[in-house]
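One structure below.
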Number of protein chains: 2
Amino acid sequence: MAIKHILFDIDDTLFPTSEFAEYARKNAIKAMIMMGLDESSNKLYSMLEKIIKEKGSNYENHFDILCNKLGIKENKSKYVAAAVLAYHNTKHSISPFPSVPRTLLSLKENYKIHIASEGNAVKQWDKLIRLGLSLFFENVFISEELKIKKSPKFFTIILKKLKAKPQECIMVGDKPDSDILYAKKVGIKTIRINSGRYKNIKSDADLELNHFFELPNAVKKLNSMI
Amino acid sequence: MAIKHILFDIDDTLFPTSEFAEYARKNAIKAMIMMGLDESSNKLYSMLEKIIKEKGSNYENHFDILCNKLGIKENKSKYVAAAVLAYHNTKHSISPFPSVPRTLLSLKENYKIHIASEGNAVKQWDKLIRLGLSLFFENVFISEELKIKKSPKFFTIILKKLKAKPQECIMVGDKPDSDILYAKKVGIKTIRINSGRYKNIKSDADLELNHFFELPNAVKKLNSMI
């Protein structure tokens, strides 16, 4: 039975999400200083990192909290607006890992490609559009729309929607648990892209790649192993 | 007693807010078609206009409603994401009326200039920053922060904060009631910029201008009349 479908994660698989987030936070800090804040950017950045650790990743309130911790009362909105604007401008100019577009186009010649992603549907679509990849995929499966978090069940639902057998599918992603382990559990073959926050954490993937452009050969290899 | 302070409205006074909003809506419609919607842009635009009239100006939900009215069920998030992204991209690339930056800089040589604006503080600051004007103003008074809508009282509070007499101030804006009438009621001189939605509605302004660059002469004229 040959591979027919390849499923892709988005964040840290198609583009360097974690890098962009760090860069966006640094630009937000610079923008606050540009608006008149007399503090060192290193101090502000480490304060911000602490707030993010405490509060999770909903950034709009982070800058509000940062201003409060700094005791800013007058024109707090000015600093918040400048920070959020710089943050958005950076996060909005995302681009894919350089070999992603051509590799996906080449894979499309022999396989059906789909997105299998965790998260908010509009936000994940927004990323695909900004990356210039939104029209590449046959189906875009997002956990919010399937009403289930990434889990073995999430992949079972996708298999049913594709009318495919697990052995006909490969999942490509960066996260050892949600992209690799859960897909593997339902019998889908897995390829791990070594990038992002989980880079140094071992996974049970069938194959591990350092570069996206190695994917067509990796798929061929898995295909011949079936 | 000479003029010392000039207060400025933001929307449709410093930049063509209404024009940008229309352009943004048109680009949002185009983006939905680009993502695969087979409908004429004219039809979609008039549907959207109707929704905006019914629901007010909170655009994010407008596109959701538009999709519902079109009976889109599959991949609704795709169309909403594309529309909101195109809308934001247009609204985010705002620029001032062309003579605004140099006119403000020239007024700053003889007067203190301030913002006196209705709205959400972070949103109004966001506009000033995007327009490249945020560092031009001595004070930025926004109704949300003063905890009062534009009204005679709004202007009284500003006079108190500036420690200024009404005769020392001019308000510059486009709206016959909130920018002109209310400022006039507390004795502030008023200059009307003829732009935006209220362009053809008569006002009681001391002076009416068609172009922002006429402002320095208009201020001189009002100054000599006191």
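None of the figures in this text is laboratory data; all of them are computed from the coordinates on show. Just so it is clear, the model here is predicted, and its values are computed rather than measured. Cβ: placed from backbone, ideal geometry, glycine included. Neighbour counts: every protein chain shown.
Miscellaneous remarks
- Sequence-distant contacts, meaning Cα pairs under 8 Å at least 6 residues apart, place the relative contact order of chain A at 26 percent.
- Across peptide B:104-112, the mean count of Cβ atoms from other chains lying within 10 Å of each residue's own Cβ comes to 0.
- Pairwise label distance in nanometres, A:Lys55 with A:Glu39, each label 7 Å out on the Cα-Cβ vector: 1.2
- Remark: spin-label model distance B:Leu135-A:Asn210 equals 4.4 nm, labels positioned 7 Å along the Cα→Cβ axis.
- Sum of side-chain charges, B:Ile33 neighbourhood, beta-carbon under 12 Å (Lys, Arg +1; Asp, Glu -1): +1
- Local electrostatic count at A:Tyr45 - Lys and Arg +1, Asp and Glu -1, tallied over other residues with Cβ under 12 Å: +2
- Modelled FRET efficiency - R0 30 Å, A:Glu144 with A:Lys221, Cβ distances, 0.05 increments: 0.35
- Here region A:18-93 is assigned +1 on the Cβ of each Lys and Arg and -1 on the Cβ of each Asp and Glu. Its dipole about the Cα centre then comes out at about 60 debye.
- Averaging 1/r across all pairs of distinct Cα atoms in the protein assembly as shown and inverting the result yields a Kirkwood radius of 25.1 Å.
- Applying a threshold of 20 Å to the alpha-carbon distances of B:Lys127/B:Lys150; B:Lys127/B:Lys185; A:Lys43/A:Lys76; B:Lys69/B:Lys91; A:Lys4/A:Lys127 flags B:Lys127/B:Lys185; B:Lys69/B:Lys91; A:Lys4/A:Lys127 as lying beyond it.
- Loop sites in region B:150-226: trypsin sites (Lys or Arg not before Pro), DSSP, at most 16 other Cβ within 10 Å: B:Lys163, B:Lys199, B:Lys202
- Net charge of Cβ neighbours under 15 Å - reference A:Phe20; Lys, Arg +1; Asp, Glu -1: +1
- Each helix, a run of at least 4 DSSP H residues, gives -39500 (n - 2.57); summed and divided by the residues of the protein assembly as shown, these come to -14500 deg cm²/dmol at 222 nm.
- Cα-based Kirkwood hydrodynamic radius, region A:5-127, one decimal, Å: 16.3
- Simple Cβ-charge dipole of chain A, Lys/Arg +1 and Asp/Glu -1, about Cα centre, in debye nearest 20: 460
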